[in-house]
1. From the list Arg180, Arg195, Arg189, which residue is in contact (Cβ under 8 Å) with a residue 60 or more places away in the chain and among the basic types (Lys, Arg)?
2. Of all residues in the range 82-107, how many are assigned to a helix (DSSP H, G or I) and at pLDDT 95 or above?
3. From (1) closer than 22 Å to Leu96 by Cα; (2) under 16 Å from the mean Cα position of the chain (by Cα); (3) basic (Lys, Arg), pick out the condition that doesn't hold for Lys150.
4. In the set Ser50, Ser71, Ser55, which member is assigned to a strand (DSSP E or B), of a type outside the set (Val, Ile, Thr), in contact (Cβ under 8 Å) with a residue 12 or more places away in the chain and surrounded by fewer than 24 Cβ atoms within 10 Å (Cβ to Cβ)?
5. Of the residues that sit in the range 14-32 and are at pLDDT below 95 and at positive phi, which one is surrounded by the fewest Cβ atoms within 10 Å (Cβ to Cβ)?
6. Name the one entry in Leu217, Leu134 that is part of a strand (DSSP E or B) and in contact with a Lys or Arg (Cβ under 6 Å, 6 or more places away or on another chain).
7. How many of the residues in the range 180-195 are touching a strand residue (DSSP E or B) at 6+ places or on another chain (Cβ under 9 Å), buried (at least 17 other Cβ atoms within 10 Å of the Cβ) and within 23 Å of Phe93 (Cα to Cα)?
8. What are the residue pairs meeting all of these: first residue in the range 211-223, first residue within 15 Å of Asp169 (Cα to Cα), second residue acidic (Asp, Glu), Cβ atoms under 8 Å, and 6 or more apart or on different chains?
Amino acid sequence: MSLQVVSPTGGIAPLLRADGVSLEYGGTRATHDVSFDVYRGDRFVLLGPSGCGKSSLLKAAAGFIKPAAGSISINGEEVRGPGPDRIVVFQEFDQLPPWKTVKENVMFPLLMTKRVSRHEAAERAMHWIAKVGLSGFENAHPHTLSGGMKQRVAIARALAMQPEVLLMDEPFAALDALTRRKMQEELGRLWEELRFTLLFVTHSIEEALVVGNRILLLSPHPGQVRAELNSHQFDLASAGSAEFQAASQRIHGLLFGADDAAAGAVAPAQAGAYAERADKRSMDSRVRGNDGRGVAP
């Protein structure tokens, strides 16, 4: 299988849409005219070198940053600030209040947003703690947990909120190689079971291929769209294959210009424009229902 340039299937509205988004910090442009669509059930990855603005785009989707130009919308409504429909899992291990137990950390956003009663929050917390494999650690405090366990707590806390989109900003970057691989595997397992919508940021080509079913490639600073590719055919089991390595090398060429011929086939004609795309129906083995939600074939 080869990497393909993809485009949305007609008639299905995106869950999250970035339309011509430019982001600035102190007059310095971080991204320029970036557009992309994320559909229900997608595992959509923002991939690019350090400084390309991929984390800034995720923070803009979360409502933490206001675009200098363009807009980001959820279900057709423009994002104007943070909301419980978008929950972020960050890279840092200190995202968990250290004085709270695992269970209390998972319950905390549910109680703060007053979405459920304390009793229901406790039940939901225990359910998601079990889902991420931390049963028996519900009364532990963060300082007693490993880095991977802390990230499991953060994922459980996010999924307990049942967000429209789970936003993950290089969540495994600070983990050792073995733990990182295990967390990628567990994230894939959770997605297969729950089919949540994921917007994932990474600077690792290999992680993008393993985690995502669609990948948006961003140029070096300021971040502009280089291409949008499908990657649903890859997983951890295929990571050592010749096809996986060839895909990795091709993406590297597209990102950094080493493969001019390949990049020319899909590079934007001008800054921020998308490449010519193939039909999205070929990008994923899922069958979409009438509401556009991905379901297992």
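The values are calculated or read from the model by the stated rules, or taken from the named source; none is laboratory data. Just so we're clear, the structure is a prediction, and the values are computed from it rather than from any experiment. Backbone-built Cβ (ideal geometry, glycine too); neighbour counts: all protein chains shown.
1. So the residue among Arg180, Arg195, Arg189 that is in contact (Cβ under 8 Å) with a residue 60 or more places away in the chain and among the basic types (Lys, Arg) is Arg195.
2. 6
3. Against the list (1) closer than 22 Å to Leu96 by Cα; (2) under 16 Å from the mean Cα position of the chain (by Cα); (3) basic (Lys, Arg), Lys150 comes up short only on (2).
4. Exactly one of Ser50, Ser71, Ser55 is assigned to a strand (DSSP E or B), of a type outside the set (Val, Ile, Thr), in contact (Cβ under 8 Å) with a residue 12 or more places away in the chain and surrounded by fewer than 24 Cβ atoms within 10 Å (Cβ to Cβ), namely Ser71.
5. Gly26
6. Leu217
7. Number of matching residues: 2.
8. Final answer for the pair search is Ile215/Glu228; Leu216/Glu228.
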